[in-house]
Each structure stands twice: as structure tokens, then as C-alpha cells.
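Just below is one structure, and these are the notes that go with it.
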Amino acid sequence: MDKSQIIADDKNYIANTYARFNIVVKEGHGSKIIDSEGKEYIDCATGIGVNIFGINDREWKDAVTAQINKVQHICNLYYAEPQTELAKLLCDKTGAKKVFFGNSGAEANECAIKVARKYSYDKYGEGRYEIITLKNSFHGRTMATLTATGQDAFHRYFGPFLEGFKYAEPNIESVIECYTHKTCAVMVEVIQGESGVNPLNAEFLTGLEKFCKQRDILLICDEVQCGNGRSGYFYAYEAYGLHPDIVTTAKGLGGGLPIGACLLFDKCKNTLSAGDHGTTFGGNPVACAGALSIVKRIDKNLLLEVQGKGAYLRENISRIKNVKGVSGLGLMIGIETEKPAREIAEACLGKGLIVLTAHNKVRLLPPLNISKNEMDEALQILKEVISK
Ligand SMILES: Cc1ncc(COP(=O)(O)O)c(C=O)c1O
């Protein structure tokens, strides 16, 4: 089918929820994507942070294929090695004690919200259910995670929302203002991705952790976008020396297949009992086998490489004319420019570079194994487009 037919059918048959760019992706390899007309692009989007070792990644494909050849799905009524092995590895790497697997970032956050409320119910009885999230946060599109998302733009049309969420500015005074005797948790993205790749202030985060610990309020870190090596740390909260009670993650964890994980640390490791939560597909063995091949490779050397590549890109981008600011950590980069971000992204596409936008910024989430040459090619295109 040719490009125009695919686009016409898409417009006819797919719900109008995505403002798609004018490209039909056909295939790819590593950091390169090829479209339906044979044009090649450098991929600095990775399917919004999912294809963490690029496209057609050999190790991931081998792991997934090997598992498909054994069994494609096992429901959660039985034990399965890939799921257990992945949970153990995530616990070993983070100090978490238990893991609940879902299929997406939103589901990981749904689990975190339920765990926080049940932890509080078990310990303090009814009524301590409020969760403080931050303004400009993004936590997902399900009704609970949409409620948790601190951006009015997402809230239009869909009320009534879940009771028990308050939105603070990213400073401790504002969190204290939101705090009541009903507060059970605070949920943050230490690098706010969707709102423009904004790392939170370190002093605020350490103060927040102290505030939470003193009151037995659970600290939840949403690492759906910034996790799994993307920031140059296994999880970005490590860069701030935090000790969250719950960590949620997805996207890059699966390397291309849907998976989400809610990591439970010491306090709430036994909060969930049989029947409290569940999902049919969560922890699917194929997704877990793929995720295992990803997580095994996120070691100290890779993280140092990611830090170096991130610094290289940020430094060179900040020198481009018309760049007003560069934000982010590791290979999660936000670029503020004079022109609207969407315009820059469209122009980059025309020149063979795929980038994302996040609010008013251009956002880069390249594969962690992007090469120096590919980074230089991407920089050259960014320079041509932004400085024009
Ligand atoms: C920080 C954060 N949390 C949650 C989500 C929701 O994840 P998903 O789209 O997999 O449900 C996203 C998605 O962009 C995200 O960036």
C-alpha cells in the first residue's frame, strides 16, 4: 500500500487521538529508521523512549524469539521464570523488595496509587487517601493517572475525577500547603518529561523526602520516562540520592513490548495480598524476556557512556544560534528555541531527523547506544534547522 493510501485509511479508521507527523515508518536498524518511501532518518525519539537500544536490537530480538518459541503467554495463576527473573534483577539493582508487573506506565502508576492507599488504610484506617502530585506532572491517561496528572489541559471534558489528589508547585512550601492529615503519598517525576524535560530542584527533592519520612507519607517516583538508564542513572532518583518507597517504570524497560512495573520497597512490600490487584497480560513472559535482555545491559559502563553522550549533545546544542536553553539529564534532553517546537520537529523530519516535542520544547530521547557519528549527524541537522 502506498503512503497516501495508508494515511487516508488511518484518518478514516483510527480514532483521532494523535497529531501524527507525515511519515509512515517501515523498518529500521539501530538509530536509523526507514520510511515507506525509502528515506532514512536518525531516530532521536525511540518511540517515546521505548526502543532503548534502538530498532532491531539483536539481543532483545533473540531473547523475545527464544521465549516465543517456548510459550507466548502464561496467566498469572501460574509461576513463570522470565517474570520471576526480571523481578529479582530489578530488586537486586534497586533494593526494591517486590514488583508488580502491568502493561504500561499508566498501569504501573495505578498500582502505585492503590498500594499507597492500602498501605495507609492498613496502618491508619479509613480516610488517609490523599496523594499530592506536582503541577506540570504527567502520570498517564487512565482516570486515576489522569487525575494525578497536574495539568489542566488534560483535564478538560473528562470529569468527574477521582477524589483525593492535590497539586503542588515543585517547592516544599507548596507541598506543605497541600498536606493534610489525609495525605498518604507524594508522587513525582524527578525529571518531568512531557512538560518539557524539566529536572526538579535537588534541594526540593531531598527536603521532600525528609518531609515524607517524618510523616510516614510514601514517596512515589514515576520513572516511566526517565528510568532504565535514560538519565545516565539506572533510575533518575539515584542522581538525587533519594530513597523512594515506590518506583514506577515502563517504556524503555520493555525495549519495544508493552510492560510496566511497580517496584515496592521495604515499607509497602507486603501491602498487596492475593486478589488486591491484578491484570491478565501483566508480566507476559515474552515482554519479560525482552526486558531482561535490556536490564542486564544497563550497567555502570553504559550509564557512564550515557552521561558522556548527554553532556556532549547538550553542550553542542547550547551553542546553536537561536537556542534559548537546554535541559535534561543523560539522553533525555529538552531544547527551548525561538520558533515553536512543532515547527522545528517538522523541519527536522524533512532533513532526516526524528525528534519529539514536549510543551514548548524540542525533546530528544535517542537510543542509549547511539554512535558518535549519528549524534554528529543529528547535531548538524538541528543546527541547520534551529539556527535558520
Ligand atoms: C512520566 C510518565 N508517567 C506515565 C506515563 C504513561 O505511560 P503509558 O503511556 O505507558 O501509559 C508517561 C507517558 O509518557 C510518562 O512520561
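Annotations for the structure displayed:
- Residue check, Asp152 more than 14 Å from the ligand (Cβ to nearest atom), surrounded by fewer than 16 Cβ atoms within 10 Å (Cβ to Cβ) and touching a residue at least 60 places away in the same chain (Cβ under 8 Å): no
- Selection status of Glu59, out of contact with any strand residue (DSSP E or B) (no Cβ under 8 Å at 6 or more places or on another chain) and either closer than 19 Å to Ala287 by Cβ or surrounded by 11 or more Cβ atoms within 10 Å (Cβ to Cβ) (or both): yes
- Pairing each residue of the stretch 79-98 that is farther than 13 Å from Ala289 by Cα with any residue that is of a type in the set (Ser, Thr, Tyr), provided the two are 6+ apart or on different chains, yields C-beta distances under 7 Å for Thr94/Tyr235.
- Just one residue in the set Leu349, Leu292, Leu263 is of a type outside the set (S, T, N, Q), on the phi < 0 side of the Ramachandran plot and outside any helix (DSSP H, G or I); that residue is Leu263.
- Strands (runs of 3 or more DSSP E) lying entirely in the stretch 24-137 (those with 2 or more residues that are at pLDDT 95 or above and within 16 Å of the ligand (Cβ to nearest atom)): 98-102, 130-134
- Taking the stretch 181-234 as the range and being away from the ligand (no atom under 15 Å from the Cβ), under 18 Å from Ser327 (Cβ atoms) and not in a helix (DSSP H, G or I) as the test, the residues that pass are Asn201, Gly232, Tyr233.
- Scanning the stretch 138-149 for residues that are of a type outside the set (Ser, Thr, Tyr), within 11 Å of the ligand (Cβ to nearest atom) and free of Cβ contacts under 8 Å to residues at least 24 places away in the same chain yields a single hit, Leu146.
- Looking only at the stretch 1-26, and only at residues there that are among the charged types (D, E, K, R) and out of contact with any strand residue (DSSP E or B) (no Cβ under 6 Å at 6 or more places or on another chain), the one that is nearest to Leu356 (Cα to Cα): Arg20
- Condition met for Ala87 (assigned by TED's automatic domain parsing to the domain that holds Ala236, touching a helix residue (DSSP H, G or I) at 6+ places or on another chain (Cβ under 8 Å) and of a type in the set (Gly, Ala, Ser)): no
- On inspection, Ile246 fails the criterion of being assigned by TED's automatic domain parsing to the domain that holds Phe101, among the aliphatic types (A, V, I, L, M), within 11 Å of the ligand (Cβ to nearest atom) and crowded, with 23+ Cβ neighbours inside 10 Å.
- Arg141 falls short on exactly one of the conditions (1) among the basic types (Lys, Arg); (2) farther than 24 Å from Thr249 by Cα; (3) in a loop (DSSP other than H, G, I, E, B), and that condition is (2).
- Residue in the stretch 91-111 that is more than 22 Å from Tyr237 (Cβ to Cβ) and among the basic types (Lys, Arg) present: no
- If only residues of the stretch 310-342 that are out of contact with any strand residue (DSSP E or B) (no Cβ under 9 Å at 6 or more places or on another chain) and assigned to a helix (DSSP H, G or I) are counted, the one that is nearest to Pro199 (Cα to Cα) is Ala311.
- Among the candidates Glu126, Glu107, residue that is of a type in the set (Asp, Glu) and surrounded by 22 or more Cβ atoms within 10 Å (Cβ to Cβ): Glu107
- Qualifying residue in the stretch 295-317 (condition: within 16 Å of the ligand (Cβ to nearest atom), crowded, with 22+ Cβ neighbours inside 10 Å and β-branched (Val, Ile, Thr)): no
- For the residues Asn228, Asn198, the requirement of being of a type in the set (S, T, N, Q) and surrounded by fewer than 24 Cβ atoms within 10 Å (Cβ to Cβ) singles out Asn198.
The values are calculated or read from the model by the stated rules, or taken from the named source; none is laboratory data. Since the structure is predicted, the reported quantities are computational estimates derived from the model, not experimental observations. Because the Cβ atoms are built from the backbone with ideal geometry, glycine has one as well, and the counts that use them run over all protein chains shown.
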